[in-house]
Amino acid sequence: MPVRPHRTVDRVIGILEAVALSPQGVTLAELAAALDAAKSSVQELTNGLLACGYLIEDDRRFHLGPGPFILAARANKLAALSLDHQFLAELNKVLRCTVLVGVRVGDALVYTDHAGQESPGLTFVARTHARRPLYTTAAGKTLLANVPDEEMYRLLELASAGQAGEVRQFLAELPEIRSSRLAFNRGVTFKDAFAVATPLLASDGSPIAAISAAVEPAEADRLDDVGEELKKAVVVIGRQYGFNRAS
């Protein structure tokens, strides 16, 4: 059976993500507006999420319950391997630029942490854990290039007609991404976003995340050199944290 979006699943995920991005909590009316759905339909979903501990309600505002955190602790490879922020801090010190870690969530890239200088675009999406397309960002391209072809093409087929050009560009870059283990974003997603990414490998050699290094636009001409430094540093420093032993 083909993998495809499901409206109810999409709404449940939309509720959880909206709540996660709002420290003050979200009302039922705000959720209904965000999902463009009837309050009665959203109420049924929030009731179910409350019942199983994925939401809690306080003063008519919804917050994340313990359920998502328990799942992450049980199943997430990065959580299980304890990717320490210090790992990114050491990469930042070696590379002298902002470093980010991104993981695949469904058909999107989500940045989970960063170290280094703040930038209006990249570090904002890192702090908010906003979803980004896999086939435009350097980290997303890295993750997409490291899944089996059948899965990769399934993910690409989810792109809209308006994103066809970006998909074609990714496919043109794919052989080089796989051979060099580097993917680039040269001002595509944001005008000031110049980044290069490489995969972070588990001890068995399987890719579990992408590590990006971002430079200022004025330093864009050194991005290729940063990429080579990044690739080496991720392997060397990563071994100290239990990664890359099979690389």
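Taking the criterion of being in contact with a Phe, Trp or Tyr (Cβ under 6 Å, 6 or more places away or on another chain) and part of a strand (DSSP E or B), the only residue of the stretch 207-233 that qualifies is Val215. Answer with yes or no whether Val236 is assigned to a helix (DSSP H, G or I), open to solvent by 40 Å² or more (accessible area, probe 1.4 Å) and not small (Gly, Ala, Ser). Yes, satisfied. Taken as a whole, the structure places Ala193 among residues that are in contact (Cβ under 8 Å) with a residue 60 or more places away in the chain and more than 23 Å from Gln86 (Cβ to Cβ). Would you confirm, using the coordinates I've provided, whether Thr46 is modelled with pLDDT of 90 or more, open to solvent by less than 50 Å² (accessible area, probe 1.4 Å) and of a type in the set (Ser, Thr, Tyr)? Spelling it out, Thr46 is indeed modelled with pLDDT of 90 or more, open to solvent by less than 50 Å² (accessible area, probe 1.4 Å) and of a type in the set (Ser, Thr, Tyr).
When the residues of the stretch 8-38 are narrowed to those that are assigned to a loop (DSSP other than H, G, I, E, B), open to solvent by less than 40 Å² (accessible area, probe 1.4 Å) and within 17 Å of Asp59 (Cα to Cα), which ends up modelled with the highest pLDDT? Per the criteria, the residue is Thr27.
Per the listing Pro68, Pro5, the residue uniquely farther than 30 Å from Glu229 by Cα, at pLDDT below 90, surrounded by fewer than 15 Cβ atoms within 10 Å (Cβ to Cβ) and not β-branched (Val, Ile, Thr) is Pro5. Do we find a residue being hydrophobic (A, V, I, L, M, F, W, C), modelled with pLDDT of 85 or more and more than 26 Å from Gly242 (Cβ to Cβ) anywhere in the stretch 83-104? No, every residue in the stretch 83-104 fails to be hydrophobic (A, V, I, L, M, F, W, C), modelled with pLDDT of 85 or more and more than 26 Å from Gly242 (Cβ to Cβ).
The values are calculated or read from the model by the stated rules, or taken from the named source; none is laboratory data. Bear in mind that the values here come from a model prediction, so they are computed numbers and not experimental data. Backbone-built Cβ (ideal geometry, glycine too); neighbour counts: all protein chains shown. The protein model used for the area step is the full one, side chains on, heavy atoms only, and it has no ligands, DNA or RNA in it. Shrake-Rupley method; radii C 1.70, N 1.55, O 1.52, S 1.80 Å.
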